[in-house]
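Data first, discussion second: the structure below is written as structure tokens.
The values are calculated or read from the model by the stated rules, or taken from the named source; none is laboratory data. Quick caveat, the model's predicted, so the values are computed rather than measured. Cβ placement follows ideal geometry from the backbone for every residue including glycine, while neighbour counts extend to all protein chains displayed.
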Amino acid sequence: MGSKLKIIATTLSLLMVTGTTMLQAQEKNKSPFSWKNLPVVVRPVFKKDTFNILSFQAKMSGAALNTVSIQSAIDQCNKRGGGTVVIPQGIWISGPLYLKSNVNLHLNQGALLIFTTDKSKFQLVRGDYEGKTAARNESPINGNDLENIAITGKGIIDGNGDAWRAVNESQLTSAQWKEKIASGGVLSDNHKTWYPSIQFKEAQQKGKSMLIAPGQDLQSFNDMKDFLRPNLLVLKNCKKVLIEGLTFQNSAAWCLHPILCENLTITGVRVKNPAYAQNGDGMDLESCKRFIVENSLLDVGDDAICIKSGKDEEGRKRGKPTAEGIIRGNTVYSGHGGVVIGSEMSGGANNIFIENCTFMGTDKGLRFKSTRGRGGVVENIFARNIMMKDIVAEAIFFDLYYFVKFATDGARDERPVVNEGTPVFRNMVFEDIICDGAKTAVFIRGLPEMKVKNISLRNSEFTADKGSEITDAEGIRFDHVTFIDQQTRISSTLEPTKSNPH
């Protein structure tokens, strides 16, 4: 193509003159919400009583373990009708903690809550891994079947994740690699990977599964316990939840994982994980209803703000979409995606509004991913006023072949059978998006049997190496979209009155 911006369309139906077909499709799946009528999220309210952990014999010492003191404060606060448990300025070491209803766990400015590296303090539990029931170590912070809870303040919560994670030599500096080896653990046979323990190494190299089979008990996972990395914060089946102001960092796996929660507010938090953190997601909202994620900053090792709803048959059987959500005013630096839906979205996702977010140096911007076998319907997703800078790969990305290996000739496995495992992505509007730097502006790859449908992009500008690459999609509408060649700054504008240049 020379210096011209590459715009590729294959097996595609583009609506460039009118949006009639798309509007008809949206009418059939009309959302009860709009930018003028956003979902309403209810926040928790607490009694004014306070419970300082110092009153429960907590000790600020690098050697003292304060699990009992902090848990006792939480328990007493709950028994007395609720209030705020205060962790004052200082460094506090703890084992796993369990929140209780009507309790606000509050970290003052200067409070650093660090979770112990002693893995014997973490018990094996039935948890969740990528949407399926799995054996996990207890999370540092847990909440199950609760109502009216919060974690707030200006302090820092550190999961000590480096003690749990494997890492490759190539991911660290020479000095960091030497320090890692000196800390203990074991190396791979080729001395290129560091593992926290021989148990971890054997479990990973043998491909042991953490998924719990019917009739399997937790004791059968004892020989791979070190391998079962915990998420930092897991709140399951909770209502009226507030997470505000804190810094969450260094999680062993996912950082914040609310699952099956209603009326969830995450506001003004900072989430930080090393770029090499495997599964180091920032936030994974799974099967949650009515939520806000706002004014937060993320710099993580995997997807940043991620929407999920279970995986494959188990997720479809649960049948709980992540729905009625607002994602606004967030900044994402390192991450595999700024705002992501999938790939575990078998319960679906709908009525989600994304606005006023900035992605800087993120691998992808708006990322949608799934594959055959997932099922689920993702629809009524709206995004506006998104600023992107130096995106590594695609600014807007749809791929229904997630983790599929293609033949060397590039041919795809064509199995046009539509069933409960066929994922559906449709009816989305993106507008006022600016991207300064990306490999590809828009990438859409649907399935031959289930195309990505009715995606409208308007009033946007992308500076990228390639404009668009679209396969197996229909009802894709570009209105006043400008593509600028990243190398030569030659622009190509797609307006509704013009045909699409192939």
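Of all residues in region 374-394, how many are part of a loop (DSSP other than H, G, I, E, B), more than 18 Å from M360 (Cβ to Cβ) and not small (G, A, S)? Total satisfying the criteria: 1. Checked across region 75-82, the condition of being at pLDDT 95 or above, assigned to a helix (DSSP H, G or I) and touching a Ser or Thr at 6+ places or on another chain (Cβ under 8 Å) holds for at least one residue. Scanning region 348-393 for residues that are among the polar types (S, T, N, Q) and more than 24 Å from K466 (Cα to Cα) yields N350, N351, N356, T371, N380. Checked against (1) within 26 Å of E286 (Cα to Cα); (2) at pLDDT 95 or above, G131 meets all criteria but (2).
Give the number of residues within region 423-435 that are surrounded by fewer than 20 Cβ atoms within 10 Å (Cβ to Cβ) and either β-branched (V, I, T) or closer than 18 Å to G337 by Cβ (or both).
So the count comes out to 2.
Of note, G155 satisfies the criterion of being on the phi < 0 side of the Ramachandran plot and in contact with a strand residue (DSSP E or B) (Cβ under 8 Å, 6 or more places away or on another chain). Looking at region 48-68 only, could you name the residues that are in a helix (DSSP H, G or I), surrounded by fewer than 19 Cβ atoms within 10 Å (Cβ to Cβ) and within 33 Å of the chain's Cα centre (by Cα)? Matches in region 48-68: T67, V68. Note on region 422-502: enclosed strands (runs of 3 or more DSSP E) holding 1 or more residues that are touching a Leu at 6+ places or on another chain (Cβ under 9 Å) and modelled with pLDDT of 95 or more are 424-436, 440-445, 452-464, 466-485.
Cβ separations smaller than 9 Å between residues 6+ apart or across chains give the following pairs from region 473-502 residues that are of a type in the set (K, R) to residues that are at pLDDT 95 or above and buried (at least 16 other Cβ atoms within 10 Å of the Cβ): R477/N454; R477/I455; R477/S456; R477/L457; R477/R458; R489/T463.
If you go through region 453-478 and keep only what is under 12 Å from I433 (Cβ atoms) and surrounded by fewer than 20 Cβ atoms within 10 Å (Cβ to Cβ), you end up with R458, N459, E461.
Of the numbered criteria (1) under 22 Å from P96 (Cβ atoms); (2) under 28 Å from the mean Cα position of the chain (by Cα), the one S220 fails is (2). Evaluate the following for R136: is it part of a strand (DSSP E or B), touching a Ser or Thr at 6+ places or on another chain (Cβ under 8 Å) and not hydroxyl-bearing (S, T, Y)? For R136, the condition - part of a strand (DSSP E or B), touching a Ser or Thr at 6+ places or on another chain (Cβ under 8 Å) and not hydroxyl-bearing (S, T, Y) - is not met. For residues that are over 25 Å from D118 (Cβ atoms) and either loosely packed, with under 10 Cβ neighbours inside 10 Å or touching a Leu at 6+ places or on another chain (Cβ under 7 Å) (or both), tally how many sit in region 172-205. Looking only at that region, the number is 6.
Which of the residues spanning region 279-338 are closer than 20 Å to E394 by Cα, assigned to a strand (DSSP E or B) and within 10 Å of the chain's Cα centre (by Cα)? Result: I305, C306, I307.
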